[in-house]
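Here the structure is laid out as structure tokens; the discussion comes afterwards.
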Amino acid sequence: MNSYLDDFMEFLETLLIIILIIFGFRLLFKFFAPFLMRYFIKKLKQKFENTQQQSQQQSTYSRQKDNLNKQSGTRKTNPNSKVGEYIDYEELD
């Protein structure tokens, strides 16, 4: 009879320890969660801003490159050169 009572007390003690650990983790999570969330949101914001800056720099670079290509393209063409033959089309009724 005494061994059953000892086993039951050990079971209750183990169950109580598990419950205390669970509540302890919940309490720690409630305390540290806002700090962790702020940290991760701050990191994500920095990463997003970096990607935005990179995309703006790339778009600025591509616009400058396009402008240079347009400017160089207009300089290369000769207005006196014939591109093709002009054909006058008439409408048929």
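The values are calculated or read from the model by the stated rules, or taken from the named source; none is laboratory data. What you see is a predicted model, and the numbers here were worked out from it, not measured in a lab. So basically every Cβ, Gly included, is an ideal-geometry build from the backbone, and we count neighbours across all protein chains shown. These area figures cover heavy atoms from the full protein model, side chains too; ligands, DNA and RNA do not enter into them. Shrake-Rupley method; radii C 1.70, N 1.55, O 1.52, S 1.80 Å.
So here's what we get for this one:
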| quantity | calculated |
| --- | --- |
| Rough spin-label spacing in nm, given labels placed 7 Å along Cα→Cβ, for residue 35 and residue 20 | 2.4 |
| Accessible area, probe 1.4 Å, largest first, for residues 59, 3 | 3, 59 |
